[in-house]
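The values are calculated or read from the model by the stated rules, or taken from the named source; none is laboratory data. In this text, all values refer to a predicted model and were calculated from it rather than measured experimentally. When we count neighbours, we look across all protein chains shown, and the Cβ atoms used for this are built from the backbone with ideal geometry, even at glycine.
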Amino acid sequence: MYKDVLQKVTNHEELTEDEVFTLISAIRRDEVNDIQIAGFQVALLMKGASLREMAFIAKAMRDNCLPLKPKVTAELMDTCGTGGGLSTFNISTATALVAAAAGVPVAKHGSRSIASLSGSADVLEALGININLTPAQAEKMIEEIGVAFLYAPLFHPVMGKVLPPEQDLGIKTIFYTIIGPLINPAFAPRHLLGVYKLELLDTVSYVARELGYTRALFVHGLDGLDEISLLGATRINELKNGEITTYDITPEQFGLTRCALADIRTGTPAENAETIRGVFSGAVTGPRRDAIALNSAGALLIGEKADSLAEGLKLAGEIIASGAARRKLDELREMSCSFAAAEGV
C-alpha cells in the first residue's frame, strides 16, 4: 500500500480518498515507519497537495483522533490558529476565554509552540491550568463551564507520528500549516482561525468548508500576523451559509489605534500569562487589551453573540471590564486542576 501511494505522489498523481484514509490509518497502527512517513511528507511537499487531497487528509486525521462529543445546545467554537508569522502574545487563547465568558461553548484546541516562545499549551500551564485532560474530562468541562483546552498530542495519535519526522527534516508540511488547526477532536464547526501566510488563506477556507464548518472567520494580518491585526489591515474570509466572502478591515474602522509589533510581541509563557491576567483584571490596557478585544469581536460574531464586528468589540470590552473573562479563567483553572488532584497528579 505505502509503495503504491508513494509512487503516485512522486509521479504527481492525485491520491484518492480511500488511499489517503488507508495511509493515515496505517500510520496510526504503526504499519508505516518514520523513514516512510518522512518520504511521504517530502514527496507530497514536492508535488504540492491538491485541495481535494488536503480535505481528504484532514478528514482522515479527524477520523483517527480520540473524539469527544459534549452535550451542549449551541455549536462549539475553536480559536486555534496556524501559528507561524510574526509572534504575538497568546491572543487567540485569551479570545477563547472571552468568548466562553459570553456563553459561547469553546473547545480550544492547541499545542506547545514550535515557531515561537509560547504556544497555547505553554501559556495555559503558566496560568495554572491542567492541560492533560481525557476526552471525558474535557466533555464535562465544556458541559459545566463552557470551555476546555484540548491538548492536541493527547487527542491526535497520528499527528504525534508525523510531526517528529517533519521537525527532524526542518520542513513545514501541510500537517503543520493547514491540517493541524482544522482537526478539532470535538469537531467544532465554528472557528476564528488565524492564518500565517496570505497564500494559504483561501486553501484553509476551502478545506474547512469541505469538513463541514458552518460559521468561521479565516483571518490574516497583511503585516504578517495570524490574528486580526492591530498593526494594520487584515484580510478576512468569512464563511456563512456555505458561502465565503472576502474583505479587508483596519483598526481605525473600529476606533482603535494602530500599534507596533513590539507592543504586542510574545514573551515567555510566564510573561504572556501575566499579560492575560492583567488585561482581564483591568491592570493592563492599551494595545494588548485592544488586540484581545478586537479578536474577541470576531469570535463573538461567529458565535452569534454579536451581529457585527463593531458590536462584538463593544461586547468584548464589556465582558473584560465586568470581570467575566477573569472569572472564566478562574473556573477553567479550578475545574481542570480538580481532575489532577483527584488522580493524585
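Annotations for the structure displayed:
- Within the range 23-42, the residues that satisfy the criterion of being β-branched (Val, Ile, Thr) and either closer than 18 Å to ILE174 by Cβ or buried (at least 18 other Cβ atoms within 10 Å of the Cβ) (or both) are ILE24, ILE27, VAL32, ILE37, VAL42.
- Residues being in contact with a helix residue (DSSP H, G or I) (Cβ under 6 Å, 6 or more places away or on another chain) and either among the small types (Gly, Ala, Ser) or without any contact (Cβ under 8 Å) to a residue 60 or more places away in the chain (or both) - total across the range 132-151: 3
- The requirement of being closer than 20 Å to GLU304 by Cα and modelled with pLDDT of 95 or more is fulfilled somewhere in the range 60-71, by at least one residue.
- The set of residues from the range 218-242 being part of a strand (DSSP E or B) and either more than 23 Å from SER116 (Cα to Cα) or free of Cβ contacts under 8 Å to residues at least 12 places away in the same chain (or both) comprises ILE236, ASN237, GLU238, LEU239, LYS240.
- Among the residues of the range 100-120, those identified as in a loop (DSSP other than H, G, I, E, B) and either free of Cβ contacts under 8 Å to residues at least 24 places away in the same chain or within 10 Å of the chain's Cα centre (by Cα) (or both) are SER111, ARG112.
- Number of positions in the range 243-267 that are surrounded by 14 or more Cβ atoms within 10 Å (Cβ to Cβ), in contact with a helix residue (DSSP H, G or I) (Cβ under 8 Å, 6 or more places away or on another chain), not in a helix (DSSP H, G or I) and not small (Gly, Ala, Ser): 6
- Filter pass, THR246 being at pLDDT 95 or above, more than 30 Å from GLY128 (Cα to Cα) and assigned by TED's automatic domain parsing to the domain that holds ILE129: yes
- Of the helices (runs of 4 or more DSSP H) contained entirely in the range 270-345, those carrying at least 3 residues that are acidic (Asp, Glu) fall at 324-342.
- The conditions of being within 21 Å of GLY221 (Cα to Cα), among the hydrophobic types (A, V, I, L, M, F, W, C), assigned by TED's automatic domain parsing to the domain that holds GLY119 and in contact with a Leu (Cβ under 7 Å, 6 or more places away or on another chain) are not met by LEU315.
- The residue list ALA121, ALA55, ALA99 contains one member that is buried (at least 19 other Cβ atoms within 10 Å of the Cβ), closer than 28 Å to LEU222 by Cα and not assigned by TED's automatic domain parsing to the domain that holds ALA270, which is ALA55.
- Residue pairs whose Cβ atoms lie under 9 Å apart, separated by 6 or more positions or on different chains, with the first residue in the range 71-89 and surrounded by fewer than 19 Cβ atoms within 10 Å (Cβ to Cβ) and the second among the aromatic types (Phe, Trp, Tyr), are LEU86/TYR196.
- Residues in the range 163-185 that are more than 18 Å from the chain's Cα centre (by Cα) and part of a helix (DSSP H, G or I) were compared, and the one that is surrounded by the most Cβ atoms within 10 Å (Cβ to Cβ) is PRO165.
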